[in-house]
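Each reported figure results from applying straightforward, stated rules to the coordinates on display, with no laboratory input. Keep in mind it's a predicted model, so treat the numbers as computed, not measured. Here the Cβ is made from the backbone with ideal geometry for all residues, glycine too, and neighbour counts use every protein chain on show.
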Amino acid sequence: MNKVKSINKKDLLGLKDLSLSEIKLILRTARSMKEVAARPIPKVPTLLGKHIITLFYEPSTRTRTSFNMAAKILSANITNVAISSSSVVKGENLIDTIRNLEVMGVDAIIIRHPMAGAPLLASKNSKSSIINAGDGFNEHPTQGLLDIFTMQEKKGNLRGKKVLIVGDISHSRVARSNIWGLTQLGAKVVVVGPPTMIPKGIEKMGVSVSYDLDKEIEDADFINMLRIQKERQGKSLFPSIEEYAKLYGLNSERMKKAKPDIVVMHPGPINRGVEMTSEIADGPYNVILDQVTNGVAVRAALLFLLLGGKSSQD
């Protein structure tokens, strides 16, 4: 079967929209980009002359910074729009903002927005490439891709591997992107958390549901711990932080039940003492900093593929 060498899409809105071949292409290309990023002079002229804008309506450290680094590796020009000092605070709507940026000669706009569907709306009103950097409770496709890339680095083929996604599934765009990508690659995905944090009908996405982390951890290959997002919850979904940590947090005692080669992940930022103790966050199981490093490679791969690059990498 011939491998695809390009993504025949203008935008990246979510992993739900990508075929298995396209996901594999991005991951293959990311391996090449990671090699470029590790060079003494981490720069190639691939996107020289291209203009990229980040438009973030929510705070971000890792995602925005890694997109900036990815663009610079490819020699693209990148501008960060600060919403707090833009016309948005004067009441300008998203479509008008997008159209005004586009006529300045922008090739790609990277959007993070609190409303699900905002990148889709932008894509329908723009000729520029739109990249979703997280929209509401919908998707965070580049985080999903970098998580999968990191898993493949650690254990190769993910078919049949058991991946636990633990925590606030209902409010997690990271969980949804992970699920769409991992199930396409043949992984066995189990979402774990309190019943109040598991959306009804999520089994239709091809996952299993469990409320017992101690049981599921015994034969898991990966644990992806989600951040408790207090800012997204309209009300408390569990009695106390202490109780949540006791039932669903990772600590040294709980990790004794896991396989010796278990891999612990987290999209960041970590609530230490809640999702995991510092002993686990800084311990030998976790690949959290690897995820951050791989985020640059994955985002460089996406920019390369969406803005005209073609991959010949096997």
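Here are a few things to note about the model shown:
- Note: the range 141-288, Cα convex hull, 99 Å³ per residue.
- Distant-in-sequence amide H partners of Ile110 (H built 1.01 Å from N, under 5 Å): Ile53, Thr54, Leu55, Ile131
- Residues with amide H under 5 Å from that of Lys188, placed H, sequence gap 5 or more: Gly160, Lys161, Lys162, Val163
- Cα-based helix-to-principal-axis angle, 173-184 vs the chain, degrees rounded to 10: 90 degrees
- Both radii were evaluated on the Cα set of the range 32-126; the Rg over Rh quotient, with Rh as the Kirkwood radius, amounts to 1.01.
- Calculated P(r) of the chain - Cα pairs past 27 Å, %: 42 percent
- Each peptide among 134-143, 218-227, 194-203, 295-304 gets the average number of other Cβ atoms lying within 10 Å of its residues, and from highest to lowest they stand as 295-304, 134-143, 218-227, 194-203.
- Over 25 Å between alpha carbons, listed pairs Lys24/Lys162; Lys43/Lys161; Lys215/Lys246; Lys16/Lys72; Lys16/Lys161; Lys34/Lys215: Lys43/Lys161; Lys16/Lys72; Lys34/Lys215
- Peptide packing: for 272-279, 240-247, 64-71, the average count of neighbouring Cβ atoms within 10 Å per residue gives the ranking 64-71, 272-279, 240-247, highest mean first.
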